[in-house]
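These notes concern the structure reproduced below.
Read-outs: derived from the displayed coordinates by stated rules, not from any lab. As the structure is a prediction and not an experimental result, all values here were calculated from the model. Positions of Cβ are backbone-derived with ideal geometry, glycine not excepted, and every protein chain shown enters the neighbour counts.
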Amino acid sequence: MSQIRNVAILGSTGSIGRAALDVLSHLGEHFHVAGISCHQQIELLETQIESFLPRFAFATGPIDDSIAAWQNQSVSGVPQRTIRQHGMDALVSFVQSDEVDIVVAAIVGIAGLESSLAAANAGKRLALANKESLVVSGSLMMEAARANGSEILPVDSEHSAIFQCLQAGRGKSDIHKIILTASGGPLRDWPVDKLSSATIEEALSHPTWQMGRKITVDSATMMNKALEVIEAKWLFDLDPEQIAVVVHPQSIIHSMVEFKDGSVIGQLSPPDMRLPIQYALTFPNRIPSPSPKIDWSQSMHLDWKPADQERYPALQLGFEVAKKAGTCGAVLNAANEAAVDLFLNKKIKLTEIATICRQVLDHHHYSPAPSLSDLQKMDQWGRSEVQRWINAKC
Ligand code: MG
């Protein structure tokens with residue numbers, strides 16, 4: 001690795017963005033943080049500017065007086081002045097510019113779609129943590145990447161695992177199926193009839209992963225795995241029938257590939273997002289990482305069992321959406337984001353999230369080959385439909 005790679009971290013103040021900066025602080029001189037962005041956590045962004053001295057920093061949240069003043073400030077005593085800009089348009093122009101070789105897409109939710117697509121269209125290496133980009137617009141993303149020579153390297157730990165395992169085969173035709181592992185979330189041992197009484201705190205206490213609130217709730221409902229089924233279908237060009245989900249409580253096997261001959265290759269490591277982030281940055285090279293290693297001096301057992309569809313009705317939705325594609329991913333994602341928000345605001349029960357998503361999905365006007373603007377409209381429609389559902393219920 002002789003050439004310096006300029007890295008943009010979109011969503012640098014979130015949990016994946018912070019982990020990406022930690023990785024970059026260990027990677028040494030071959031990687032340079034060219035730009036970072038936040039929604040509105042300016043204070044933390046400023047701390048990151050001080051540590052990494054990027055040439056560009058962006059805030060993409062709503063503009064107010066303090067953001068306007070922030071854009072114009074200069075930093076005394078810092079050798080290289082960071083250019084601070086506001087807005088998604090500015091961030092997208094930066095992502096497409098020659099300042100950037102690798103884009104770490106770590107913005108949460110649908111808000112990350114535009115910048116991920118811009119990176120694919122500009123032929124950048126895209127270290128993709130924003131799974132919504134593929135869930136909502138997988139067809140457009142993969143087409144943009146193909147047409148412009150963009151490499152999409154998954155940061156989602158399961159998909160990174162699959163990507164790593166696939167290096168043992170010689171292409172898609174060697175794959176029999178892939179096996180996505182799921183921790184089962186914080187409520188995996190609760191009786192099914194008690195799940196509706198889960199509180200926000202209970203849904204947020206994940207046993208193996210420290211993540212943001214939205215994804216932790218998705219993990220409790222298994223919607224996260226449903227979205228990952230859709231993500232895997234696009235990323236690896238698979239039929240949904242080739243995707244299996246097993247509950248693996250230890251979160252050590254991050255996923256597996258079963259090849260045609262029956263050989264199964266898995267990727268194992270202690271749960272730590274810095275490893276898949278680093279692999280997406282350094283691929284095909286492997287270099288020492290700050291992530292912990294398995295302690296082989298200790299006994300360990302690994303177990304798994306099939307995911308229970310009754311316990312996790314959201315999972316069924318994931319397979320259906322992966323099969324139907326078109327506008328379904330945008331609708332499921334929007335309905336889920338809106339429903340999780342309602343749960344976190346104590347308006348609905350945890351188990352109602354999948355119920356609402358099912359209803360919204362079943363009532364949407366399906367289109368098999370939507371444009372980006374169709375998908376954005378569907379996203380808005382999905383959210384308003386959830387609001388309509390809750391208004392009708394009250
Ligand atoms: Mg994951």
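Remarks
- For the range 36-110, the spread of Cα positions along each principal axis, largest first, Å: 35, 29, 18
- For the residues H301, H176, H363, a GNM of the chain with alpha-carbon springs under 10 Å puts the largest fluctuation on H301.
- Cross-link table K177/K214; K214/K323; K214/K393; K177/K349, entries beyond 31 Å C-alpha to C-alpha: K177/K349
- Working note: Cα gyration tensor of the range 151-200, eigenvalues times five, square-rooted, sorted largest first, giving semi-axes of 34, 13, 7 Å.
- The residue among S373, Q359, L24 whose Cα reaches farthest toward the positive pole of the charge dipole of the chain, with charges on the beta-carbon of Lys, Arg, Asp and Glu, is Q359.
- Cα-based reach from K305 at 16 Å (exclusive), listing lysines while leaving out same-chain residues under 8 positions away: K225
- By average C-beta atoms within 10 angstrom, highest first, the peptides 56-62, 178-184: 178-184, 56-62
- Helix runs (DSSP H) in the chain reaching 20 Å along axis by Cα, Kyte-Doolittle at least 1.0: 328-344
- Of the chymotrypsin sites (Phe, Trp or Tyr not before Pro) in the range 272-346, the ones in a loop by DSSP (not H, G, I, E or B) with at most 11 other beta carbons within 10 Å are W296.
- Simple label model, 7 Å out from Cα along Cβ direction - E143 to W296, nm: 4.8 nm
- Counting only DSSP beta bridges whose two residues both lie in the chain, roughly 30 percent are antiparallel.
- N391/R5 FRET efficiency (R0 56 Å; Cβ-Cβ; nearest 0.05): 0.70
- Taking the charge dipole of the chain about its Cα centre, with +1 at Lys and Arg Cβ atoms and -1 at Asp and Glu Cβ atoms, the residue from I36, A90, I175 reaching farthest to the positive side is I175.
- With a cut-off of 14 Å between beta carbons, the residues surrounding L350 carry a summed charge of +2, where Lys and Arg count +1 and Asp and Glu -1.
- Positive-pole candidate from L204, Q267, L238, dipole of the chain, charges at beta carbon: L238
- Within the range 326-394, the proportion of Cα pairs with more than 16 Å between them is 39 percent.
- In the range 271-353, trypsin sites (Lys or Arg not before Pro) in a DSSP loop with at most 15 other beta-carbon atoms within 10 Å: R286, K293, K346, K347, K349
- With R₀ fixed at 45 Å, the C-beta to C-beta distance from K172 to E43 puts the FRET efficiency at about 0.45.
- Peptides ranked, highest mean first, by Cβ atoms within 10 Å: ranges 216-228, 81-93, 244-256, 149-161: 216-228, 149-161, 244-256, 81-93
- The range 326-394 - percent relative contact order, Cα under 8 Å, separation 6 or more: 51 percent
- Semi-axes of the equivalent ellipsoid for the chain, computed as √(5λ) from the eigenvalues of its C-alpha gyration tensor and ordered from largest down, come to 31, 26, 21 Å.
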